[in-house]
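What follows is a single structure, written as structure tokens, with notes after it.
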Protein chains: 2
Amino acid sequence: MYPSDGFRELDRQECLRLMARVPVGRIVHTRHALPAVLPVNFSLDHDGGVLLRTAAASELVRAVDGVVVAFETDEVDAAAQSGWSVVVTGRAAVVTDPTEHARLFQVGPRSWAPSPEEVFVRIAPELITGRELVGGRSVYGTRLAF
Amino acid sequence: MYPSDGFRELDRQECLRLMARVPVGRIVHTRHALPAVLPVNFSLDHDGGVLLRTAAASELVRAVDGVVVAFETDEVDAAAQSGWSVVVTGRAAVVTDPTEHARLFQVGPRSWAPSPEEVFVRIAPELITGRELVGGRSVYGTRLAF
């Protein structure tokens, strides 16, 4: 993302491998012209797309359907002063095709409390970027101090 | 943030108390018209302002100085299906006043590898919002499935 800062960029495969380790990521979008960000659980589609599952009437659907969003995941080990961060950026869309919806019932994220009125939101993997957060420094040159 | 979803909002004091538990948050801003998000370590100022410490020439400074950003922290316990998320939104600015800079040397975030060319960036606590992520559901009505 900021190559001049000189931190190790992760290739696409590394990014997807790391994302698969964590159950929750953060969806980043705009609301009332301000940045909005919130943790949600997700699963990864075969091509790196991010799959969310939400109530059809939820604010999330209204906020992100058809909009370019970022989806960030990370793991930071404060004791080891290391970690990584991966961001998938792309347009989010409610899955409307019945065949796709049925497929996602198999491979998509699970519901803890299933509801009859749920939809899947898919974030297209238009851009996948990742950085290793090297001990002592983040990718912006900030010092990770623990 | 989305009150109609009915999840427990956290008051300001709760938000600040929770933020103080974690060493790292995520700064959310815009870069080339796309959302950008990255983990950084931080400390909290007395009024809830978020303090970052970075190399003066870093991309971070160029990207956020004078810009409204969001700073998100969270803890999600997948096993317990619970957690929280707090977002501080406000204008970020490099601290230029020498007295303030000296103060922040005392109370601001530490450097693991100090550099002579460092600045503090302060995110003003113009808006502090927090949500409890209730087991099984996130604030958007997505089902947290673990």
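The values are calculated or read from the model by the stated rules, or taken from the named source; none is laboratory data. All values reported here derive from a predicted model rather than from experimental measurement. Here the Cβ is made from the backbone with ideal geometry for all residues, glycine too, and neighbour counts use every protein chain on show. What goes into the accessible areas is simple: the full protein's heavy atoms, side chains included, and nothing from ligands, DNA or RNA. Shrake-Rupley method; radii C 1.70, N 1.55, O 1.52, S 1.80 Å.
Rolling a 1.4 Å probe across the protein heavy atoms gives segment B:8-132 an accessible surface of 43 Å² per residue.
Here the gap between B:H101 and B:A78, fully extended at 0.36 nm per residue and compared with their Cα-Cα distance, gives a gain of 4.3 nm. In the assembly of identical copies, B:V22 has its label point, taken 7 Å from Cα in the direction of the beta carbon, separated from the corresponding points by 0.9 nm (ascending, one decimal). Spacing of the modelled spin labels on B:R21 and B:D65, each 7 Å from Cα toward Cβ, amounts to 3.6 nm. Electrostatic tally near A:R122: other residues with Cβ closer than 15 Å to its Cβ, Lys and Arg +1, Asp and Glu -1, net -4.
Compute for chains B and A the buried accessible surface, both sides summed, probe 1.4 Å, and express it in Å² to the nearest 100. Kindly include the intermediate steps, with their values, before the conclusion.
Values: alone 8390 and 8400 Å², together 12140 Å².
Protein heavy atoms only, the B-A interface buries about 4600 Å².
Inter-chain Cβ neighbour count for B:49-58, averaged per residue, equals 3 (cutoff 10 Å, partner chain atoms only). Across peptide B:10-22, the average count of Cβ atoms from other chains found within 10 Å of a residue's Cβ is 0. Placing a label point 7 Å from the Cα of B:D47 along the Cα-to-Cβ direction, the residues of segment B:77-94 with a backbone N closer than 20 Å are B:87-94. In a fully extended conformation the segment linking A:A57 and A:L34 would gain 6.1 nm over its present Cα-Cα distance, using 0.36 nm per residue.
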